[in-house]
Structure formats: structure tokens, C-alpha cells
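Q: Below is one structure. I have some questions about it.
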Amino acid sequence: MVVLTLKAKHDHLQKVASTHDHVKAISEFVWNALDADAKRTSVEFERNPLGGLVSIIIRDNGTGISKARAEHDFESLGESWKRTNPRTPILARAIHGKEGQGRLRFFSLSQRAHWDSVYEEDKTLLKLTIDIDADRLEISNVSEPARADADAKTGTVVQLTPLKGTFDWLVGDEARSEFDSIFAPYILQYPDAEIIYDDKPVDPNRTIERSHEFPKQAIICPGRVVKDLTLRVIEWKPRITARKIYFGGESGVVLGSLPANVPAPEFVFSAYAYTPFFNEIAEANLLEFDGLTDPDFARVLEYVRDTLTDYFRVRQAEKSGELIQELKDAGVYPYEGEPKDEVERHERQVFDITTHAVASYSRDFKKADNPLKKITLGLLREAVKNNPESVSRILKAVFNLPKVRQDEFSQLLEKTELGNIIAASNLVANRVVALKVLKEIVFEPKHRRTIKERGELDVLVRDNTWLFGEGFHFTMAEAGLTKIMRRVSEELSLKRAKGTKGRKPDGKIGRIDSFMGRLVPHGDVNHREFLLIELKRPSLVIGRKELDQLEDYVTSILAQPDFLNTSTSWNFYLVTSEYDDVVKERITQENRPAGLFIDKANHRVWVKSWAELLRDAEGRLKFVQDQLRIEVSAEEIERRIAELKASVLKSEALDLGDGSGEPVGATKKIRTPRSSASGDEPTQRP
């Protein structure tokens, strides 16, 4: 017997031999068999009478281990014969290991590893044994060669025993799936190889649902260019719990793996990345650590994960499409025809993905009849359209989507930003419609002759405060000056004497069509900015009288003693279709913006035509609208105008019957609900 001693300390060998991946430890012995040109390799599990595992046996029909090779490889670490031979000597297969470390991986599984090997030398079959103990990894006991039996065949049997723990899970479905994942690409490349795990062969054709290989890619990294990166993804039929990315130096040969960490709801897959660069990482024994900080490896891993994410987004859309067609055929899909614009196209993308998640994981939905499915999908469509951020919560609360799938679905939406696209698209679409409705009302003869500033124009303005600037947070429709003063006092935390009235200089109580305010960034946290709007019906040409009326309102508010020493800014607007030459002369003064009538330290007074106001608003929206390609039909505009009038008439009917005692025809406060799609916060009234 020859005792071979490795030129390395025991603690270093323990580090090299240790692994938390026990399937990988077993696979190292299978790789050694394949590198020895084995055509058949099997992993067998010996059980005791109670079914518990007592030993693991790896058996192959390769070329065996000669005495010369044993003395060379088992006496050195990092000087395996494989370093100078990229291919196996007989079948010319790709070589897996080069460091001679795989044989020590038994350390994580068993107390001892025993080799029985038969090899041919000078046309004679010889046999030898090798033993390594986990407590003395540096020592290998190699027997003297002896003539093998006449019926013997070349090959090696490795027995790992006694086992260090209970490894019954190694014969379960999860371990088998992991083993299949490691060797399926090898079988695809070398179909003549037979690899068996616990009596069942690795059969890619039986277990693979779909396989896709990406074009070779060069990755520019911080310290180098990683050339010829090959990436392949395999989708599996059986359920594999741990989805991984496997790394190899040459196609078909796996050196290590890391968790995939790719959002791919419902898919079970393994990805395989091959490049010579991974040999360097594997030689440092680093491929088992997800926290590897090597910047070049990190960049390649980022590319792999991003590529897989994009791939599974497309696959998710394909799968969703199959389901959506089934729902269409059943008559329960809530959309008809092609998307009418980009808004609806993005909305449908989110809806289809959401529906696929529901149909895949909700048993109640699967069992439901078509009428119930139609109602459910209709409600889901409304959630996607009006509040896409709520979709993930709905999947959790209503459909009991598993936590892991909730997380993946959320990541998918975040990655594609579809929720944000829908929210932005709906906001812009509603604003485009509002602008077109306003243009119809104020410019088209059939509307401008009959439209009124109160109850019609002011309703549209109140529900679309963005016309005058973003961020307004409360609105009062048709408020008298007394109410305005009270509301401003509330905002400024001031107390007004009970019964205090807001009046114009002539003593009369005035009314403002719309009153809006907003918080603005300011050094004083109590600073407020207010906007008062006086609307005139489109058919009216304003002159000195209307301008004087606006100035009276301004004077009344600014003269209030409650607000003389507060941090406030005021913008007063008179909005009309046309104005006469007297007004034009007063609002087109030198060194002032067109329309600015009065410009003081804490207040400005403007006169704006509807054309100017709408043109400015359209300019702000035009770029986004062009990008989203939003079109609003004439039918949509007419529908919105009809809805507005119907809402106004209903409100007037309710007000006329409230028992207030006011005469019929008196100006009433319109209580039309705000549109939830306007993009502004709900109305707050004092």
C-alpha cells in the first residue's frame, strides 16, 4: 500500500472540501466519472431496513484510475491531469474539473470515501483501492495494483460511508430536480452519456418544457471584457423549488451556481451561463457565494439577470395571451377589439398579467362559472384603470396569491413601470378630454350661445384646477366673499369675529366663481398662495364694467385687517372669451406679461382669454400626449358635454326642492361630485 500525503494543511483542505450544497458534492464524483469517458454513471443510495440512508455509491464504466494517475493526482492539489487536457482522451468531451479538489467534497457528506477502480494497462485489467478519511484529508491510502477478475470491466465505484447526518431528502423530488438541472445541458450536448440518479435517468426530453439559447455576447466589465458569454435558459415541466443560474467554463459543464433572483411568476427554470472567465472564479471556489464582490463577475451576473428578466417578461405576455384568448372565447374578457390608444394598450398589459396571476393561483376563480368570472374581471379592470397601485393588494386580499408570487408580481410591475404608465396616461387622457370639451363649449357657436358661467363653466374649472397650475388642494365653487374670508382664515389659523361679512367697496356682498389655494415651498411654513377666478360666459365681451368688478373683489379682500400681516400671495383671474379695446389697453402694458393688469408684492391681477388659457394648458400637455399618442374622438367630447349638462340639471333639481325658500331661478351652489380622474385631490368645503 502507498500512503500519499497532500502538500497542504488539514484546515485548508477542510475549507476546500466543505460545501453547503450536498447535491453539488455528489455531482463532483459524477463529473469525475464523465471526465474518465464513462458512458454510464449512476448515483445509488443504500438504505437500512427502516428506509434510512446509510451510504451513497457513485458507479461508472469509465477508464478507471491507474496507479500512476492516483499517485499524481491524490498527492497534489491543483495539479490535476485535466489542466493540460481540455478534452477527454477517448470521447473528446469537455473536461469539468482542473483542480483535483472534487474528490474531497465527500467531507460534507460522509466520514470516509472509498474507491474501487479497474483500469487497463498494457492490455491487462488491473484493480486498486483508495481510501480517504474525513479527519485526515491530507492522507490517501492507495493499494498496490492487482490483477482484476476475468469478467471485470473498467470503471470506478466510489462509496461514501458512514454518512455524517440524515440525508433522506437527497432521494426526494427537490434533490432529484436539482441534480437533473445540473446535468441536463450535458446530456443535451452528449446524448450518448447516461446519467442515473436513484434508478431514474436524467432525461431532458422528459423534463424540459422549453429551451432557449441567446446569442453570444461580449460584456464590458470594470476590469476586462468578458468575451463569448453564452446564455441558455431551460423551463422545466416538474416543479423545481430553487431556481438557479449555473455557471460553466464550456457549454454543458457546470462549475457552480447561484440563486436566480429573477422575477418570473409561475415559471420553473434553470439558466446556464458559459464563458472561460467562470473558470477563474471557480478555481477560487467562489461560485457558491451570492455576495461575491468581484466587480467583473458582478457585472456579468447583472447582465445575465437582466437578460432573463426581459425574457420572462415576454414569456409572461405569451402565457397571458393564451389565457386571454380562452377568456375571449368564453365571452368574459372585459375589453373589445384592439386598444383605442396607448393608454388602453398599457392598461391591457397590466390587466392581462394580473388576470393570468389570478387564473393561475385562485381556485375559486378557476371553479367559477362564466357570469361570475365576467363580473370579477370587470371589477379587476376598474382597479387596473383607476388605481393600478392597488392591484398587488387585491391579489393578496381577494385571490390569496401566495406570498412568493405576490413579490414576483410586484417586481414585475416595478420593472416594467406599467402602473406608472397607466396612471400618467389616464391623467393626461382626462386632461386632453377636458381641454377639448372646454374648447367646444367656449368656441363652438352651438354651445357658446347657451353655456353659463355658473353651474356649467365653473364645474369644469373646479374639476380641472390644473388649468391654473398644479398642486391646488382645495376648491370652493361659487363662494361668496364671506365664505372666502372664512376659508382663508381657517387655512391661516386665524379667528374671525362671528358675523363678519366680506363686502365690496360699495357695501354689497360679492361672489367669486371659483376659489382655490395651494401650499407652496416657502421659508414660512404658514405661507399660503390663493387663486380667485371670475368666469364670464363665452358669449360676453367684457369691458370696463367687468374689469372694475374684479378690482372691487381684489380691494375687498386685501382690505381685510385679518390678512394685512400674514404671509399670503394672491392671484386674481378674470377669464373671458373676448374683451374690448379699453381692457386690452389696460392689460398690455410695457414691461409686463400680456394679460397682467396689476402687479404688486403680494398679489397679481390677470385678465386671460379662454384661447390664451387653453393654449397654455395644451402646450404643457402636448409633449406627453404625443408620446402616448392619445386621441379623443368627437363622440367622446359630445358624451362628456352631455354628462356635464345632465349632472348640472340634476343638481339644480335637487337644490330647487331643498326648502330653502329662495325664489326659483336664484343662483344656487352646485354640488356636482368631482371627477376622480382629474388628477387633483377631492374638494374640501368649509
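Q: Suppose the filter is modelled with pLDDT under 90, surrounded by 12 or more Cβ atoms within 10 Å (Cβ to Cβ) and touching a helix residue (DSSP H, G or I) at 6+ places or on another chain (Cβ under 7 Å); does residue 219 pass it?
A: no
Q: Right, next: Of all residues in the stretch 327-343, count the ones that are in a helix (DSSP H, G or I) and modelled with pLDDT under 75.
A: Selection size over the stretch 327-343: 2.
Q: From the set of residues in the stretch 431-467 that are among the polar types (S, T, N, Q) and modelled with pLDDT under 75, which is nearest to the chain's Cα centre (by Cα)?
A: 465
Q: Turning to a different aspect of this structure: Looking at (1) closer than 29 Å to residue 96 by Cα; (2) of a type outside the set (S, T, N, Q); (3) modelled with pLDDT under 80, can you tell me which one residue 317 breaks?
A: The single condition residue 317 does not satisfy is (1).
Here is a yes/no grid of residues against (1) of a type in the set (Gly, Ala, Ser); (2) surrounded by 21 or more Cβ atoms within 10 Å (Cβ to Cβ):
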site: 111; (1), (2): no, no
site: 119; (1), (2): no, yes
site: 138; (1), (2): no, no
site: 165; (1), (2): yes, no
site: 172; (1), (2): yes, no
site: 188; (1), (2): no, no
site: 194; (1), (2): no, no
site: 213; (1), (2): no, no
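Q: I've got another one for you. Considering only the stretch 131-155, state which residues are in a loop (DSSP other than H, G, I, E, B) and of a type in the set (Gly, Ala, Ser).
A: Of everything in the stretch 131-155, those that are in a loop (DSSP other than H, G, I, E, B) and of a type in the set (Gly, Ala, Ser) turn out to be 134, 143, 148, 150, 152.
Q: Here's a check for you: in the stretch 258-285, which residue that is small (Gly, Ala, Ser) and in contact with a helix residue (DSSP H, G or I) (Cβ under 8 Å, 6 or more places away or on another chain) is modelled with the lowest pLDDT?
A: 264
Q: State all residues of the stretch 596-618 that are acidic (Asp, Glu) and either modelled with pLDDT under 85 or under 44 Å from the mean Cα position of the chain (by Cα) (or both); if no residue qualifies, say none.
A: 612, 616, 618
Q: Mind listing just one residue for me: the one in the stretch 31-66 that is touching a Ser or Thr at 6+ places or on another chain (Cβ under 7 Å) and of a type in the set (Ser, Thr, Tyr) and, of those, surrounded by the most Cβ atoms within 10 Å (Cβ to Cβ)?
A: This residue is 63.
Q: Please go through the stretch 562-617 and pick out each residue that is under 24 Å from residue 457 (Cβ atoms) and among the polar types (S, T, N, Q).
A: Matches in the stretch 562-617: 571, 576, 577, 609.
Q: Okay, next question. Taking residue 376 and the conditions (1) modelled with pLDDT of 80 or more; (2) under 27 Å from residue 309 (Cα atoms); (3) of a type in the set (Val, Ile, Thr), which numbered condition does it fall short on, given that it satisfies the others?
A: Just one mismatch for residue 376, condition (2).
Q: Separate question: Looking at 174, 194, 121, which is the one that is at pLDDT below 95 and under 25 Å from residue 47 (Cβ atoms)?
A: From the options 174, 194, 121, the qualifying one is 174.
For every residue, the table says whether it meets (1) touching a Phe, Trp or Tyr at 6+ places or on another chain (Cβ under 7 Å); (2) polar (S, T, N, Q); (3) at positive phi.
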{"site": "546", "(1), (2), (3)": "no, no, no"}
{"site": "556", "(1), (2), (3)": "no, yes, no"}
{"site": "578", "(1), (2), (3)": "no, no, no"}
{"site": "593", "(1), (2), (3)": "no, no, no"}
{"site": "600", "(1), (2), (3)": "no, no, no"}
{"site": "608", "(1), (2), (3)": "yes, no, no"}
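Q: Quickly run through the stretch 508-538 and pick out the residues that are at pLDDT 65 or above, surrounded by 15 or more Cβ atoms within 10 Å (Cβ to Cβ) and part of a loop (DSSP other than H, G, I, E, B).
A: Across the stretch 508-538, the qualifying residues are 527, 536, 537, 538.
The values are calculated or read from the model by the stated rules, or taken from the named source; none is laboratory data. This is a predicted model, so every value here is computed, not measured. For neighbour counting, all protein chains shown are included, and Cβ atoms are generated from backbone atoms with ideal geometry for every residue, glycine included.
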